[in-house]
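Colleague: If you scroll down you'll find the structure; I have some questions about it.
The values are calculated or read from the model by the stated rules, or taken from the named source; none is laboratory data. What you are looking at is a predicted structure, and each value in this text was computed from that prediction instead of being measured. Here the Cβ is made from the backbone with ideal geometry for all residues, glycine too, and neighbour counts use every protein chain on show.
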Amino acid sequence: MSTVVTAVRLLKNGRYGLFSDDRFLCSLSGGALLEAGVAKGDALEDEELESLFARAQADKARNKALRLLAGRDHAKAELARKIARTEGAEAAEAAADEMERAGLLDDRAFAERFARELYGRRLYGRRRAVLELCRRGVARTLAEEICAELDGEPVRRAAAFLEKKYPHASADEKDRRRALAALERAGYDWDTAREALGWDTTA
């Protein structure tokens, strides 16, 4: 049984909606509609309709990928995960692959930029920086490699963290304990945290 496309309408989101009588079939961008070669009055067999649905989903996944990347950089896995929430895993993976081939995704470059922010602006320690990169979809091995390369002067960075968050920690024992806990949450190891606080690390 065939389905006749009775209307092609421009929607508010800028996509073109295909309808059969009053039943919405799918929506496509202008470029995807031209590629599909579907027009008002066309009769689509079941296989053609399924192919059109798959094209529409891939088109929506591609457009969502571009919107997300216009907002900020993403790791490939994070981008695919976000797209999959609405467009399905297969279309999401295909869209992420396409963005990577187009040079719009580069996990190493993303990891380096984000790690510099974590170290420079947020003053995190290596463990927290690795965790945050992994949460953004960077592979753990790559996250650890990048953080190891950039993790210079952790004691100085921990001291800067204290100056920003706990400027009076050196004078108050209660604040010192709170500061130590905060440094550990920020990803600093025990010895680095104690040294930044001026405690004897040999004890």
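Colleague: Filter the helices (runs of 4 or more DSSP H) completely within region 17-128 down to those with at least 2 residues that are within 15 Å of the chain's Cα centre (by Cα).
Modeller: Here the list reads 46-71, 76-87, 89-101, 107-120.
Colleague: What pairs come up if the first residue lies in region 120-137 and is closer than 17 Å to V155 by Cα, the second is in a helix (DSSP H, G or I) and among the basic types (K, R), and their beta carbons are under 8 Å apart, counting only those six or more places apart or on different chains?
Modeller: Here the result reads L123/R157; L123/K164; G125/R157; R128/R185, each pair linking region 120-137 to a residue that is in a helix (DSSP H, G or I) and among the basic types (K, R).
Colleague: Would region 56-63 turn up any residue that is in contact (Cβ under 8 Å) with a residue 12 or more places away in the chain, crowded, with 18+ Cβ neighbours inside 10 Å, within 19 Å of D107 (Cα to Cα) and not assigned by TED's automatic domain parsing to the domain that holds A111?
Modeller: yes
Colleague: Something else about it: Scan (1) surrounded by fewer than 16 Cβ atoms within 10 Å (Cβ to Cβ); (2) within 13 Å of G187 (Cα to Cα) for the single condition L133 breaks and write down its number.
Modeller: Of (1) surrounded by fewer than 16 Cβ atoms within 10 Å (Cβ to Cβ); (2) within 13 Å of G187 (Cα to Cα), only one is false for L133: (1).
Colleague: Next up: Search region 32-52 for residues that are under 18 Å from R62 (Cα atoms) and pair each with any residue that is assigned to a loop (DSSP other than H, G, I, E, B) when their beta-carbon atoms are under 7 Å apart and the residues are at least 6 apart or on different chains.
Modeller: L52/V38
Colleague: For region 158-165, state whether one or more residues are under 25 Å from the mean Cα position of the chain (by Cα) and in contact (Cβ under 8 Å) with a residue 24 or more places away in the chain.
Modeller: no
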